[in-house]
Amino acid sequence: MATECTEYPDDSLATGNETILLVDDEQVIIDVARDMLEMLGYRVIVAQDGQHAVDIYTEQKDEITLVILDMVMPGLSGADVFQALKAINPKVKVILASGYIMSRQIAAVMAQGCRAFMSKPYRLEDLAEKIREIIDKA
């Protein structure tokens with residue numbers, strides 16, 4: 001008899017069941033991050049560019065608990081998307097993500113009310129902890 005082996009996060013990882021909008025233009029990042037988020041129990045909606053992210057958030061803002069937003073994308077940048085999301089919902093919870101180290105542009109977005117910054121690539125443990133930290137804050 002064959003046994004199916006599925007990896008689940010261990011009990012020490014913070015999990016949840018909220019909906020997260022994942023915004024990134026790189027398919028590899030989307031695939032890996034979506035798998036990680038789903039393993040942690042989250043429902044994931046993907047946008048591959050800034051305008052698509054704004055459109056999705058406009059339509060589904062009441063269901064989306066958190067946005068993980070890439071800083072560097074063609075078209076609308078992460079900073080532009082953050083401003084648009086804040087105009088829709090001033091209390092939007094966003095984790096800004098970038099493969100680059102903290103820059104002036106990232107610092108400026110953080111100063112405008114972005115909740116957190118994470119460098120890519122994500123570590124599962126760090127992502128799990130940061131998501132719960134942001135979602136659980138009032």
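The values are calculated or read from the model by the stated rules, or taken from the named source; none is laboratory data. As the structure is a prediction and not an experimental result, all values here were calculated from the model. A quick note on method: Cβ atoms are made from the backbone with ideal geometry, for glycine too, and the neighbour counts reach across all protein chains shown. Ligands, DNA and RNA are stripped out before the accessible areas are found, and what is left, the full protein with its side chains, is counted by its heavy atoms. Shrake-Rupley method; radii C 1.70, N 1.55, O 1.52, S 1.80 Å.
List of remarks:
- With contacts taken as Cα pairs under 8 Å and at least 6 residues apart, the stretch 23-79 reaches a relative contact order of 41 percent.
- The angle separating the long axis of helix 27-39 from the principal Cα axis of greatest extent in the chain is about 60 degrees.
- Counting only alpha carbon atoms, the long axis of helix 124-136 and the longest principal axis of the chain meet at about 60°.
- Among the protein heavy atoms of the chain, carbon and sulfur supply 50% of the accessible surface, probe 1.4 Å, non-protein parts ignored.
- Computed over the chain with a Gaussian network model linking Cα atoms closer than 10 Å, the most mobile of VAL72, VAL28, VAL46 is VAL28.
- Solvent exposure of the chain as accessible area per residue, Å², 1.4 Å probe: 55 Å²
- Only helices enter the 222 nm calculation for the chain: every DSSP H run of n ≥ 4 contributes -39,500 (n - 2.57), and dividing by all residues gives -12500 deg cm²/dmol, rounded to 500.
- The count of lysine pairs in the stretch 6-138 that are at least 8 places apart or cross chains, and whose C-alpha atoms lie under 16 Å apart, stands at 7.
- Global geometry of the chain, whether rounded, prolate or oblate, following the gyration tensor of its Cα atoms and the 1.5 cut on a/c: prolate
- The stretch 17-92: GluC sites (Glu not before Pro) in DSSP loop, at most 13 other beta carbons within 10 Å: GLU63
- Put a plus charge on the Cβ of each Lys and Arg, a minus charge on the Cβ of each Asp and Glu, and nothing anywhere else: the dipole of the chain about its Cα centre is then about 740 debye.
- The GNM of the chain, with springs linking C-alpha atoms under 10 angstrom apart, assigns the highest mean-square fluctuation among ALA111, ALA53, ALA128 to ALA111.
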